[in-house]
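In what follows, a single structure is set out as structure tokens and then discussed.
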Amino acid sequence: MKNKKFLLVAAIAMLAFSTYSWNGNKSENAAATEETATAAPEKPLVFAEFVALDLSSYGIPVVTKAPKDAKVIKSTTKGEVFVYGGKLFKLTFSIHEGNAEESVGMIKEITGDKEMNPGFDKFVTEDPTGFIKQNKEGKLAFTYGVTTGKSSVIIREGMTFDQSPDKFTDYSADDVKLMYEAAKATKAK
């Protein structure tokens, strides 16, 4: 019972994080967006060019796939680890109790509850340990889990606005699908 309560609280916290990462704070970053709009566009990322990135030295016992120049950033507030592969590739990794199926299942249940999450529209992709969801504005977001012994690592698109080096949180559907592909390629170490 205690484990289920913890997982429920963790799932609610992750849902709140996901909602924040979907919306960001556009009023504060409007000037930054205008500045970067004149910069040269980033080269499109290609999954086949991604390399293995071991996160175990950061306390996350997995090896994921990321762009070759990706940087690992430890969260200053939540104990999460971020993989920053540029403006269009950011992943958040966090450890949860229980296996990936249980953790993702609880998060998915809360995500799909339209009373608790009124911005939710539908699940676009559903896997045993992950899903891509769409909000009513058509924006995509995902959650994916990897079982690592007695716990699981939950992976989500993006980074919190305050932790992101470029303060960018508005990903295209293709960006989110590419990040999901990298999450699905993540293996427990």
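What do you reckon, is Asp69 more than 22 Å from Asp166 (Cα to Cα), part of a loop (DSSP other than H, G, I, E, B) and not hydroxyl-bearing (Ser, Thr, Tyr)?
Details: more than 22 Å from Asp166 (Cα to Cα): no; part of a loop (DSSP other than H, G, I, E, B): yes; not hydroxyl-bearing (Ser, Thr, Tyr): yes.
When the stated conditions are applied, Asp69 does not pass them.
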Ala66 passes all but one of (1) at pLDDT 95 or above; (2) among the hydrophobic types (A, V, I, L, M, F, W, C); (3) more than 20 Å from Thr169 (Cβ to Cβ); which number fails?
(3)
Considering the stretch 65-81 alone, what residues qualify as being touching a residue at least 40 places away in the same chain (Cβ under 8 Å), in contact with a helix residue (DSSP H, G or I) (Cβ under 8 Å, 6 or more places away or on another chain) and over 18 Å from Val153 (Cα atoms)?
none
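Could you say whether any residue in the stretch 38-48 is within 15 Å of Pro165 (Cβ to Cβ) and at pLDDT below 50?
Narrowing the stretch 38-48 to residues within 15 Å of Pro165 (Cβ to Cβ): 39, 42.
Still in the list and also at pLDDT below 50: 39.
Yes, the stretch 38-48 contains a residue that is within 15 Å of Pro165 (Cβ to Cβ) and at pLDDT below 50.
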Taking Val104 as meeting all but one of (1) closer than 17 Å to Asp175 by Cα; (2) buried (at least 20 other Cβ atoms within 10 Å of the Cβ), write down the number of the exception.
(1)
Wholly within the stretch 74-189, which strands (runs of 3 or more DSSP E) include no fewer than the required count, namely at least 1 residues that are modelled with pLDDT of 95 or more and within 12 Å of the chain's Cα centre (by Cα)?
81-84, 90-97, 130-135, 140-148, 151-157
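The values are calculated or read from the model by the stated rules, or taken from the named source; none is laboratory data. It should be emphasised that the depicted structure is a prediction, and the values quoted were computed from it without experimental measurement. A quick note on method: Cβ atoms are made from the backbone with ideal geometry, for glycine too, and the neighbour counts reach across all protein chains shown.
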